[in-house]
Structure formats: C-alpha cells, structure tokens
Amino acid sequence: MSKKNAIRLHNGITDVPGILVGHYTNTQAVSGTTVVLYPQGAVAGVDVRGAAPGTRETDLLDPVNLVETVQGICLCGGSVFGLAAVDGVVHYLAEKGAGLRLDTEHVAPIVPAAVIYDLGKGSSFVPPVDAQWGYKACTAASSRKVVQGSAGAGTGACSGSIKGGVGTASQLVNQDLVVAALVVVNSHGSALDIRSGSFWESRLCTADELGQYLNAEFRLPPAPEPSPGTNTTIGVIATNARLTKSQTTKIAQMAHDGLARSIRPCHTMFDGDTLFCMATGERQLPEKTGPFEVDQASAVSELGHAAADCVCRAVIRGLLAAESMAGIPALSQLVRTT
C-alpha cells in the first residue's frame, strides 16, 4: 500500500493527534452517547443533508457566524430527548477550563450535536437520557483505539433490516496530513446490494478491514416499512490540517458523498443525515498563491475526497462490528452465500 493510502495506528478518528473519543452505553435502554473531543479547540463546519435532522448548535458553524472553534461534538441516541446528554459534555469541558473564554474565571464550551432515532428498543420507549450520559462519555474519552459496533450512540442503531452501529476509519493523504471519520450508522437505506449480498463500497476496504467477510455475500432479511423520522446517519470528520470554517464546511459536504455511495438510498425524507468536520490546525496547507489559490484548493479537495472514502469504510466497519440487540440481527448472524 502506498504512503498516500496507508492506514495509521488505529485506523480510526483517534489517529488525528489530540482527538479523544468516549462512549456511554446503556444496554438496558438500548441507547447511548458518543463524544469526539478536542479541548484545545478545533475549527469546525457541518453539513446537514437528511430531511429529518435533530441537531444543536449547527447554525453556529455557519462560516458567516462568529465562533471559530468547538471543543467537542456529541453524537446522541435518544432522538430529541438525547440532546439532554450534551449538557453533561458542556459541564465536563467547563470543569477542565476548555471553551470560549468569557472572563478570567468562566468559559463557554462549544459542543454541537446531532441525534439518531432509536426509540422503542429498550425497557422504556424513551431512553432515560440526561446530562450524566454525556458526562460519563467524556470521562471515558481517550486517544486509544475506538470501540466500534453496538456502543455509545450506535447502541440502538439500525441499518435497513440489520443492526447498525459506530464505525471509524482513517487515511493518510500524505506524510503529514491525516483525515478520519467516525460514523453512527442508523440508516433507512442499506449498505449492502440486496441483489449481490455484498457491500456497495467494499472495494475501498483492505483485507484486514473485511477479515473473514472478505468475499462474503449476505442474505438480508426483508427491509422494514419506512417510518417518518426514524432513521439518521450522523458522524464526525477530523483532520490535523489547518483549515478555515469555510474549508471544514466544504469537507463535510464532500464527506456526504461517502454516505451516498455506501448507503442506498441516502439523504431521504426519513433520514436526518448530518456530518461535522473538525480541523485541529496542526499541519499547514500549501500557501495561498495566485488569484484562485489553486494549491490550497487542491489540498482541500484531496482531504474531502479522502473523507468521503473514510466515511464509506467507517460505515462498513460499523456494521461488521455490530452485535445483535433488541431482536435486531447483526450482520455476523446472517446467512452467508459464499
């Protein structure tokens, strides 16, 4: 594998230096919370493509608005009720002194968020989400390898007729720049072609990523009837590049191509698909030259293309790692035809 396409240590979003990921998983509620933290502050953008989103602080990320950096992104189970977990993330970061400085004693942590619909799977129809879910996810956050599958916000996730989950992947675009994705797959559409039983975008994965499923074809159970607003795939792109809010927004837009390629149909009236992008600013892009800043624009385009590929791989890895819960079959349980 070339250096350009080499996979870093964990093949996940924590390969971006300084990025921390934590899950809080409630198996009884069949729901949870996932946080992606960068307490020093990362420039961030967002792109919302689904028609049924549940979000917080996304308007703040518009390039025309004031605040440049975020200290974390919260991905929540629990639908609209799940946004309560974000309060715990804010309090945790405030205790650490991470946030927009208000005066000599106070900070305001900026934590945009998005939710998935996973109601009705646990002991109660509505999971008992509160600020402690977000706080506990933060206390578990680390730079170690990310737990994938049925964890955190992916605990109650579904993808078509099978169990969804959290997946992550990373890629080096050169010796200095890394881009990565973490995705919570809770899609109305399917990541597998029902005619062939294979992943739409398996060609992007390495043999190590697919493991025992390298050449597998799966027999999918019947797809459920669509129900308005009960799906959503959400996630975070991270890179160590130094970017503007406009550039992170563009990368978030391009990363959605990865969702559209790996999940079909995508961005439907029943999904709230939302992707954030965080840029830590560790590595400088080429200097701006000429009236069209060609070199820098090309670098942003390359990062966006890599982000889309990472999203595709993260979707597949999340489904492969998922475990059956609440009577929803996991991919590993399906009958394989090869």
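The values are calculated or read from the model by the stated rules, or taken from the named source; none is laboratory data. This structure is a prediction, so every number in the text was calculated from the model and none was measured. Neighbour counts run over all protein chains shown; Cβ positions are idealised from the backbone, glycine included.
Can you name every residue in the range 250-277 that is β-branched (Val, Ile, Thr), under 18 Å from Tyr117 (Cβ atoms) and either in contact with an Asp or Glu (Cβ under 9 Å, 6 or more places away or on another chain) or at pLDDT 95 or above (or both)? Within the range 250-277, Ile263, Thr274 qualify. Among the residues of the range 64-78, the one identified as surrounded by 24 or more Cβ atoms within 10 Å (Cβ to Cβ) and either polar (S, T, N, Q) or in contact with a His (Cβ under 8 Å, 6 or more places away or on another chain) (or both) is Gln71.
Looking across the range 10-28 at every residue that is assigned to a loop (DSSP other than H, G, I, E, B) and closer than 20 Å to Ala42 by Cβ, the one that is modelled with the lowest pLDDT is identified as His10.
If I filter the range 188-205 down to residues being exposed (fewer than 14 other Cβ atoms within 10 Å of the Cβ) and not small (Gly, Ala, Ser), which single residue comes out as modelled with the lowest pLDDT? Explain how you work it out, then say what you get.
Of the residues in the range 188-205, the ones exposed (fewer than 14 other Cβ atoms within 10 Å of the Cβ) are 195-196, 203.
Pick out the ones that are also not small (Gly, Ala, Ser) and you get 195, 203.
Details: Arg195: 83, Arg203: 89.
Among those residues, the one meeting the criterion is Arg195.
Filtered by the rule that a residue be more than 17 Å from Ala141 (Cα to Cα) and not in a helix (DSSP H, G or I), the range 78-98 gives Gly78, Leu83, Ala84. Within the range 106-125, residues that are farther than 22 Å from Val166 by Cα and touching a residue at least 40 places away in the same chain (Cβ under 8 Å) reach partners that are of a type in the set (Val, Ile, Thr) and assigned to a loop (DSSP other than H, G, I, E, B) with beta carbons closer than 7 Å, at six or more positions or on different chains, in the pairs Ile110/Val67. Within the range 121-141, the set of residues being within 27 Å of Val48 (Cα to Cα) and loosely packed, with under 14 Cβ neighbours inside 10 Å comprises just one member, Phe125. Among residues of the range 36-47 that are closer than 24 Å to Ala140 by Cβ, those with a beta-carbon under 9 Å from a residue that is of a type in the set (Lys, Arg) and surrounded by fewer than 24 Cβ atoms within 10 Å (Cβ to Cβ) at least six positions away or on a different chain give the pairs Pro39/Lys96; Ala44/Lys245. Annotation: Gln71 fulfils all but one of (1) at pLDDT 95 or above; (2) part of a loop (DSSP other than H, G, I, E, B); the unmet one is (2).
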